[in-house]
Every structure is written in C-alpha cells, then in structure tokens.
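Please read the structure below before turning to the comments.
The values are calculated or read from the model by the stated rules, or taken from the named source; none is laboratory data. Remember, it's a predicted structure, so these values are computed and weren't measured experimentally. Don't worry about glycine lacking a Cβ; one is built from the backbone with ideal geometry, like all the others, and counts go over all protein chains shown.
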C-alpha cells in the first residue's frame, strides 16, 4: 500500500509580524481559525522557520492569532476545538514583498484594473482601499502558501502609500494589517546625450 502525505497550509495570524511562524491550513478550516474559541491543530509534522522540525506537533490559534507552537506535550486549553492533522505537514506562510494582488482582475478589462491612477502626484492614494476582497486571484495565492502581501499601486511620480494585507477577509478593512507602510516614488530615469543634456527614459520605481 502506498503512503500518501497531505501537505497543507495554515491560516495566517492576526499580526503580520508573526507571518514567519504561522502556516496555512486547507481552505475549509480558514473560518475555524477566525473564531474566538481557541483551536488546537494536533498531530501534524510542523516545519518552523528557525527551529527543528516538530513531529506530532501542536499549534494553538486564538482569534486568528497563533499563540503556541510545540510538540505533543504542549498544554492545550480545555475549551479548545481540536483539529486532527495527523499525516499532514505544516509550513510557514509566504509573504509577497511587492504585489498588486486585489488591485487587478483581468488585464484586458479596464474596469477591473486599479493598479494606477492618472496624474503625477497621487500621494493621497491608499493601496488597501482599492483592494477587491472578492478577487479570484486571492484564493489562488493562498492555496500556493502566500498568506500576506505588501500591496503597492502605480501611476504618476508619487504613487501613494502601500499596505500589508492578509489575503483572507470579508473586506479591505478586515484584511489590512499595517497601513501606511511607505510612500512610493516612481523616480524618472535619465540618460545623458552628446550635448550634455538628459533624456527621460522611463520611471524607476522605488
């Protein structure tokens, strides 16, 4: 008989700074992790970022935030909902460092593209407000292990502020973990010519 191992990913924690510690579970369990009742994921092989692999591991989530990771001796709250993941492997969720997830759906349909705005000075724009929480690209990203993304818009010299979002939530307010993160500038590149002048070649985004 062949042995089949189920490799899953776990819902990300409430704070984006802990993204390297929490992993992704299969989509049906996302709603469980968001409940106020503690949830204990038991039995899986846990692969932490900076610690040895844990066989028969225990992960405890409260209110969507990872509060404990350990082996089978880890204390589990009496009121916790236990989810048996025996035979599964849990890995840290990925963080996309520079993304337009949720800002564009179909390249050829202008009405679904909120990646850029008209004008040179868009410093007042906030990327998180334009994110479509119902984007079909978000489930595809989370199924691949991307749980958090740094969302950056384009357009103009000052492109506005970026934000860090979890990729699960009913709306942009619920998804936003940190905002504003940075003001972004599309600095124009120039190249000298034989007369000593400059020519604009295109933007360099920073």
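Brief remarks follow.
- Test: residue 84 is exposed (fewer than 14 other Cβ atoms within 10 Å of the Cβ) and either touching a residue at least 12 places away in the same chain (Cβ under 8 Å) or farther than 30 Å from residue 182 by Cα (or both): yes
- Exactly one residue out of 53, 73, 112, 142 is under 26 Å from residue 184 (Cβ atoms) and surrounded by fewer than 17 Cβ atoms within 10 Å (Cβ to Cβ): that is 112.
- Taken over the range 93-109, the residue count meeting the criterion of being free of Cβ contacts under 8 Å to residues at least 60 places away in the same chain, surrounded by 15 or more Cβ atoms within 10 Å (Cβ to Cβ) and outside any strand (DSSP E or B) is 3.
- Among (1) outside any strand (DSSP E or B); (2) modelled with pLDDT under 90 - the single one residue 90 does not satisfy: (1)
- Within the range 140-175, the set of residues being in contact with a helix residue (DSSP H, G or I) (Cβ under 9 Å, 6 or more places away or on another chain), touching a residue at least 24 places away in the same chain (Cβ under 8 Å) and farther than 13 Å from residue 101 by Cα comprises 143, 159, 160, 161, 169.
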